[in-house]
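Below is one structure, written out as structure tokens, with a few remarks after it.
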Amino acid sequence: MASQTPGLHDLFLQVKAAGYGIWRKRWAMLATAWVIALVSWVIILRMPLIYSADARVSINDTLLPEIARNLGINIDVKKKLEQVRKTVVNRTTLETIIKRTDQLDQLVGSNVNVKNALIAQMTRDIRIVSLDKNNFRILYENNDSRLTERDRAIVVKTVVDNLLSFFQQGASANNSGQTAGTRDELERAYRGYQQQTEAASRALNAFRSENFQYLGDGRFGSKRESAARDLRDTEHSISEARVREEEISIQLRNTAPTIRQAKQSSKGKSDEDPLLARIFDRQKALDDLRTQGFKDAWPDSARLIVLIDQLQIQFDAKQEKIAAELAGSLEAGQTNTLTTSIPNPLYETLFKEKIGIQADLRTFEQRLSNQQAVVNDLTIKAKSVPEKKAEEATLRATHRNLRKRAENVQEEIESLELREGFETRTEALAFNIIDAPVLPANSNGPNRLLFLFVAFAGAFVGGLGAAFMLSQLRPVIITVEQLRAQFDLPVLGNVTRILSEDEAKDRKIQMLGFAGTFMLLLLVFVGLVISEYLNLSLFG
């Protein structure tokens, strides 16, 4: 507990110093309070008081025959009352009311702008409030500062009295010409909706005929998937054909277009080598002997075998000689007379196959282009399907709504014809005045008394705030401890000031002046409260 005492003591000293500083600036505080209070009171007292007058009326709708209710014909009393209000609360009626009200007529005079502004204000301020099923209140408020409070009270009562008379006249005459005008409006609306419905139907049919492939069972998605599969197959075929073409090109680069072979003898009918012909003849004779059943040991057979071996040795030697000469001539760049160049059959076969693959490639590429165009077209159509269906749904909804509106208007016309027979016999609306308007003795607001008290309290709060802010510009030191805390110089103690008689007299006079000024402010406040309570107008 002892540890908290210094903190509370310091707080007390700060509050005490602040209070002393405010007291030193008491005249500034009082002057600020006077200024705030006077300005606030003038504003409050100049606020125009609102005066209102009202009348409570009852509307009798029991004259409607019971058979009309059984047929579903129900007259909306509120709706009819609003129609009467629109008929009565118009410029002509309000001008008549202004002329009948002396205060308003004098206020308007011959000024057209003032009249227009007053009519707009009255149109806005005249209200009809529903209390229960058949009871209503006609209300009018006025806070025009150009009128005295007494005149405002007279004006609101006079306006409500005139409104009651106009409402009674308007309620009985409202239905006389309204039904015919309503029927004409409904018939014009029905013809317009009929024309719009026909136009919407034509637009819907034209759209369906132009976009039938999008609206029916087009299945663009499945068709696109099938076309995409064919496209991928073609791409694979092109890839495979290009691989084969590359392989054949490699083989062609590694294969000679021509080959060389030994020149053949031109004698005889055979183009074969003579040694080969002799070997062939001997081999044929040996085969004949073997066919006849002679063994290889038979002298003729043995002789043929030896002869064939010798001829074969000669042929092999001749071929080796030709190969050696061919190799030598190639190295020397000379033409060999023992050999000749002939087309390479393998090269020709590979070249023909490459030509066939290239033809297939061109075919596949053309097919790929056609398939890509088909896929793109199906993609665009598939993306357009939701948009086309949404547009078709919009057209269909528009056509349906217009047709529904036309049907509703037609039903309204039929109902109006049936209703007309009953409403012409009901005497429209019957007004019964329950509470007639009276001259208001008091205003409805604003609450000036409350505002005066709030302004008085706010003035003193503002004065205290101003004095506190001024005291902070030159802080007050009231204890030795505060003095030691503010300066580094040693403080030995304090000396009490003793006032002289003249100083004490001057201070007493200042206190009396301060108290008198404060009491004067309080008296002004009390006087304003009393005058407001007694409804004494200070500003007219």
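Computed from the coordinates by the stated procedures, all read-outs in this text should not be read as laboratory data. Keep in mind the model is a prediction, meaning the values are calculated, not measured. Neighbour counts run over all protein chains shown; Cβ positions are idealised from the backbone, glycine included.
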*At a Förster radius of 25 Å, what calculated FRET efficiency corresponds to the Cβ-Cβ distance of residue 435 and residue 149, to the nearest 0.05?*
0.65
_Cross-link pairs 25/505; 295/321; 321/354; 223/404 - those with Cα-Cα distance over 29 Å_ = 295/321; 321/354; 223/404
*Could you work out how far apart the two model spin labels at residue 290 and residue 370 are, taking each label as a point 7 Å from the Cα in the direction of the beta carbon, and quote it in nm?*
6.1
*Contour minus end-to-end for residue 355 and residue 407, with contour as 0.36 nm per residue of separation and end-to-end as the Cα-Cα distance?*
11.1 nm
*What FRET efficiency do you get for residue 237 and residue 258 if R0 is 25 Å and r is their Cβ-Cβ distance, rounded to the nearest 0.05?*
0.15
_Net lengthening on full extension, residue 26/residue 102 (0.36 nm per residue, minus Cα-Cα)_ = 22.0 nm
*If R0 is 41 Å, what FRET efficiency do you get for residue 517 and residue 492 from their C-beta distance, rounded to 0.05?*
0.50
*If each of residue 195 and residue 526 carries a label point 7 Å out from its Cα toward its Cβ, how far apart are those two points in nm?*
8.2
*asked:* For the pair residue 129/residue 116, report the inter-label distance in nm, with labels modelled 7 Å from Cα in the Cβ direction.
replied: 3.2
*Looking at the square roots a ≥ b ≥ c of the eigenvalues of the Cα gyration tensor of region 89-148, which shape do they give, rounded for a/c under 1.5, prolate if a/b is larger than b/c, or oblate?*
prolate
